[in-house]
Ligand SMILES: N[C@@H](CCC(=O)N[C@@H](CS)C(=O)NCC(=O)O)C(=O)O
């Protein structure tokens, strides 16, 4: 059984994707809290010794450092036979939603939430632009989960784990009250939270938190 170490910070939904997947697959990991707010991932030393892409999360697997949540989730799904695709068509769908999530939903939500809640001087015009884009992405997801219980049909996959990560944080951090604005997304988040072993990010990822300005 591989031994895992996860370099993370608690507000990182990307870290949560891996923490949740490992937990739902019955695996444990050593949490390695990382001073993202203090700028450690921007240092030359961290990039040389931990991740040349300068990003959190990093999953160490028996000492090998892996980055980028999408390929890691695909690998874990194959390894544990959980939350993966069961046909060529499903695999295509899985990749379609993972790419959409990384580029659009997580890409914009992570940045918007960070600027809105964890910085002091976000440019209102930039926030407005991100919010407008997110409203569009969330309306796409809302329609999809009105018609489907999960991203791909009637069972949860790593596409759901990836897409739910940033949306499940407290409303006052991302600024959406999904129960009111996006009831189908709210229902889908609640379905995901009933998976055996499910835990929230702030339960799975301990340690010092970023200052919350909202
Ligand atoms: N596509 C990457 C995204 C990782 C990512 O953007 N992580 C954030 C923290 S949650 C980060 O390290 N950002 C640093 C930056 O954008 O410079 C993944 O899925 O792992």
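The values are calculated or read from the model by the stated rules, or taken from the named source; none is laboratory data. Quick caveat, the model's predicted, so the values are computed rather than measured. Cβ atoms come from the backbone with ideal geometry, glycine included; neighbour counts cover every protein chain shown.
Working carefully through the options 59, 73, 66, find the one that is free of Cβ contacts under 8 Å to residues at least 60 places away in the same chain, under 14 Å from residue 16 (Cα atoms) and within 11 Å of the ligand (Cβ to nearest atom). Walk me through it before giving the result.
Values: 73 fails: free of Cβ contacts under 8 Å to residues at least 60 places away in the same chain; 66 fails: under 14 Å from residue 16 (Cα atoms).
None of the others qualify; the one that does is 59.
Is the range 175-193 home to any residue that is within 20 Å of residue 78 (Cβ to Cβ) and modelled with pLDDT of 95 or more? Give the derivation first.
Taking the range 175-193 as the starting set, the residues that turn out to be within 20 Å of residue 78 (Cβ to Cβ) are none.
No.
Look through 37, 84, 13 and report the one residue that is within 9 Å of the ligand (Cβ to nearest atom), in contact with a helix residue (DSSP H, G or I) (Cβ under 8 Å, 6 or more places away or on another chain) and closer than 28 Å to residue 137 by Cβ. Talk me through it step by step, then tell me what you get.
Numbers: 37 fails: within 9 Å of the ligand (Cβ to nearest atom); 84 fails: within 9 Å of the ligand (Cβ to nearest atom).
Answer to the selection: 13.
Within the range 1-108, which helices (runs of 4 or more DSSP H) (wholly inside it) include 1 or more residues that are crowded, with 21+ Cβ neighbours inside 10 Å?
Fully inside the range 1-108 and qualifying: 13-24, 69-80, 88-100.
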